[in-house]
Amino acid sequence: MYDGQQQRPEPGHGPLAGFTVGVTAARRADELGALLQRRGAAVLHAPALRIVPLADDGELLAATREIIDRAPDVVVATTAIGFRGWIEAADGWGLGERLLGRLRAVELLARGPKVKGAVRAAGLTEEWSPSSESMAEVLDRLLTEGVDGRCIAVQLHGEPLPGFVEALRAGGAEVVPVPVYRWMPPEDIGPVDRLLDATVSRGLDALTFTSAPAAASLLSRAEERGLADELLAALNHDVLPACVGPVTALPLQARGIDTAQPERFRLGPLVQLLCRELPARARALPIAGRRVEIRGHAVVVDGELRPVPPAGMALLRALARRPGWVVARAELLRALPGAGRDEHAVETAMARLRTALGAPKLIQTVVKRGYRLALDPAADAKYADA
């Protein structure tokens, strides 16, 4: 998957065929993109952030030395990949054994089974781990034990921990953040700008987020370009914002954007969520004895996927807004992207649309008036006041 480049699915009609999904992830983007493409989606990838390599991260090195030099009372490990990366980075700096020795002597808490596995793989034993994988449960335990005057090191992983550090400090604890995998703006902002343009122009059907910093970064870039209002409008109405979990969704929710989230905060359930939500949002109409489902960049006619050029999709959406009604050429011309003033452009785009659909009778020409979808008579009453 190439940054800023749209990748088309392989032949086949998966649940996401005909839809375009944006991916903002920097880490595991290839895995997410592959999952989407296997289900038929076209994928537009633009990492909204880049990850500072651990070996080059001076802040992580400083935090590691601080923990080695002055033992904290408690260390909280929050993610398996982050904890493993921390130990590997310490090894690279020649501090691995000293760090492990220090961690053996403190109260080590692991947020959930995966983190517990990483802790044990490092030859350590956790004091306690919640089965819920909830940071709220970790916080409750610490506050119940009492944190006043204690030093608590918290392994971060690029994700904000809303209220966690603040609650510990309010309880009188000294908190040492361990910033594993710090996020920075991308070196090449071009792919992000192309992703923003595709979102505000409704060239995407869904936009996925797997980290809160990525969501915040995309919003910040939209502000810089003067596109914030347009981005919010797109995400609130036409482009589905899908987040891997509630923490990831926080920057979007703070701007009034409702997000879709899977029950389990993993990439697989995120893709399954899209497989349900996007087809359910597609417009399906009974036209000329056929079932026509209008997707993002394609149309499903009686179960057969028919890719349609952007101009044709613009015309089809304009016709589908009022199924069965005649839509004038002048109105259709306004719907065409960059068509100018020549109504002949409508005729050309309409001819290509009919060819792409493979069923010319789906769209009727009404002489001297315009075009209409050949809505089945039984459906006319349903859409009469559309």
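Assorted remarks:
This table checks each residue for (1) part of a helix (DSSP H, G or I); (2) out of contact with any Leu (no Cβ under 6 Å at 6 or more places or on another chain); (3) aliphatic (A, V, I, L, M).
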{"residue": "R84", "(1), (2), (3)": "yes, yes, no"}
{"residue": "G117", "(1), (2), (3)": "yes, yes, no"}
{"residue": "V147", "(1), (2), (3)": "no, no, yes"}
{"residue": "L161", "(1), (2), (3)": "no, yes, yes"}
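- The lone exception for L49 - which of (1) open to solvent by less than 50 Å² (accessible area, probe 1.4 Å); (2) under 17 Å from P269 (Cα atoms); (3) under 18 Å from the mean Cα position of the chain (by Cα) it fails: (2)
- Taking the conditions (1) modelled with pLDDT of 95 or more; (2) more than 35 Å from the chain's Cα centre (by Cα) in turn, A71 satisfies each one other than (1).
- Within the stretch 229-276, tally of residues that are closer than 21 Å to G296 by Cβ, open to solvent by 60 Å² or more (accessible area, probe 1.4 Å) and out of contact with any helix residue (DSSP H, G or I) (no Cβ under 8 Å at 6 or more places or on another chain): 5
- Checking the stated criteria, S220 turns out to be among the polar types (S, T, N, Q) and more than 21 Å from F83 (Cα to Cα).
- Total residues in the stretch 361-386, condition part of a helix (DSSP H, G or I), surrounded by 13 or more Cβ atoms within 10 Å (Cβ to Cβ) and either modelled with pLDDT under 90 or polar (S, T, N, Q) (or both): 3
Matching residues to (1) at pLDDT 90 or above; (2) loosely packed, with under 14 Cβ neighbours inside 10 Å:
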{"site": "R98", "(1), (2)": "yes, no"}
{"site": "A118", "(1), (2)": "yes, no"}
{"site": "T125", "(1), (2)": "yes, yes"}
{"site": "A136", "(1), (2)": "no, yes"}
{"site": "A173", "(1), (2)": "yes, no"}
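- Single residue of the stretch 197-227 satisfying the filter (in a helix (DSSP H, G or I), under 25 Å from R182 (Cα atoms) and free of Cβ contacts under 8 Å to residues at least 40 places away in the same chain) that is farthest from the chain's Cα centre (by Cα): E224
- Answer from P323, P279 - the residue that is closer than 20 Å to D238 by Cβ and in a helix (DSSP H, G or I): P279
The values are calculated or read from the model by the stated rules, or taken from the named source; none is laboratory data. Because the structure is predicted, anything quoted here is derived from the model rather than measured. Note that each Cβ is placed from the backbone with ideal geometry, even for glycine, and that neighbours are counted across all protein chains shown. Remember, those area values only see protein heavy atoms, side chains included, never the ligands or the DNA or RNA. Shrake-Rupley method; radii C 1.70, N 1.55, O 1.52, S 1.80 Å.
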